[in-house]
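K.L.:
Mind looking over this structure? Questions follow.
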Amino acid sequence: MLNKRTTEVCALGQHIPMSAHKARRVIDQIRGRSYEETLMILELMPYRACYPIFKLVYSAAANASFNMGSNEANLVISKAEVNEGTTVKRLKPRARGRSYPIQKPTCHITIVMKDRSLDEYIDTNSITWLQKPKREKKHTTMSYYDMYSNGGTWDKK
């Protein structure tokens, strides 16, 4: 029997103060790339969104090395997504005692990294400590029981 092995780790950053559109511009450049190549790209890109994404990629790699014991050279970004978060609403004071509303968008960024050196499936038939002990089956013979032939339970007084 084959069981799925967990070869993916994730890092989630919530309520990052930037619009999701600006963060997606950077995320689209790093999706599917290796860990080391991603770090080089993020260090050299001139966008403000690169720093929080750099921290998340670094955190996901630390999760992979701690939880699965994987090498950073084998990590690949398998999934990277940006979702819109809550919008913080503020009022900006203007001339003559008026105020204008200001909306400050936030976003949630999810980075999922996969270790390409680990096999995705484990053959549990070859591993003895995962197997359940086999029970011996009891051999029983089926016999036809007719409750009307011996009078049944209603004939007793």
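The values are calculated or read from the model by the stated rules, or taken from the named source; none is laboratory data. Keep in mind that this is a model prediction, so the values were computed, not measured. Backbone-built Cβ (ideal geometry, glycine too); neighbour counts: all protein chains shown. Ligands, DNA and RNA are stripped out before the accessible areas are found, and what is left, the full protein with its side chains, is counted by its heavy atoms. Shrake-Rupley method; radii C 1.70, N 1.55, O 1.52, S 1.80 Å.
K.L.:
Given H placed 1.01 Å from N in the peptide plane, which residues other than close sequence neighbours of Glu84 have an amide H under 5 Å from its amide H?
P.N.:
Placed amide hydrogens put His108 under 5 Å from Glu84.
K.L.:
Of Ala20, Leu42, Pro52, which is farthest on the positive side of the dipole of region 1-58, counting Cα position, with +1 on Lys and Arg Cβ, -1 on Asp and Glu Cβ, and the Cα centre as origin?
P.N.:
So the residue we want is Ala20.
K.L.:
Projected onto the charge dipole of region 59-109 (+1 at Lys/Arg Cβ, -1 at Asp/Glu Cβ, origin at the Cα centre), which of Asn71, Ser99, Ala61 gives the Cα projection farthest towards the positive end?
P.N.:
Ser99
K.L.:
Step through the residues of region 10-23 one at a time and calculate ³J(HN,Hα) from phi using the Karplus curve (6.51 cos²θ - 1.76 cosθ + 1.60, θ = phi - 60°), rounding each to whole Hz and writing x for Gly and Pro.
P.N.:
The phi angles translate into 9, 9, 10, x, 10, 6, 7, x, 7, 6, 5, 5, 6, 6 Hz.
K.L.:
Placing +1 at every Lys and Arg Cβ and -1 at every Asp and Glu Cβ, with all other atoms neutral, what dipole size does region 1-80 have around its Cα centre, in debye to the nearest 20?
P.N.:
Numbers: 10 positive and 6 negative charges, 71 e Å.
My answer is approximately 340 debye.
K.L.:
Leaving out ligands, DNA and RNA, and with a 1.4 Å probe, what % of the accessible surface on region 1-90 is carbon or sulfur? List each step's numbers first, then the result.
P.N.:
Values: 2850 of 5620 Å².
For region 1-90, the apolar C and S fraction of the accessible surface comes to 51 percent.
K.L.:
Can you tell me the alpha carbon radius of gyration of region 33-99 divided by the globular rule-of-thumb value 2.2 N^0.38 Å?
P.N.:
Values: Rg = 18.6 Å, N = 67, 2.2 N^0.38 = 10.9 Å.
Normalised by 2.2 N^0.38 Å, the Cα Rg of region 33-99 equals 1.71.
K.L.:
Once you have the Cα-Cα distance between Arg90 and Val112, take 0.36 nm times their residue separation minus that, and quote the gain in nm to one decimal.
P.N.:
Details: separation 22, 0.36 × 22 = 7.92 nm, distance 3.33 nm.
Between Arg90 and Val112, full extension yields an extra 4.6 nm.
K.L.:
OK, next. At q = 0.14, 0.20, 0.23 Å⁻¹, what log₁₀ I(q)/I(0) does a Debye calculation on the Cα points of region 1-69 give, no solvent, two decimals?
P.N.:
The Debye formula, applied to the Cα set alone, gives -0.48, -0.86, -1.06.
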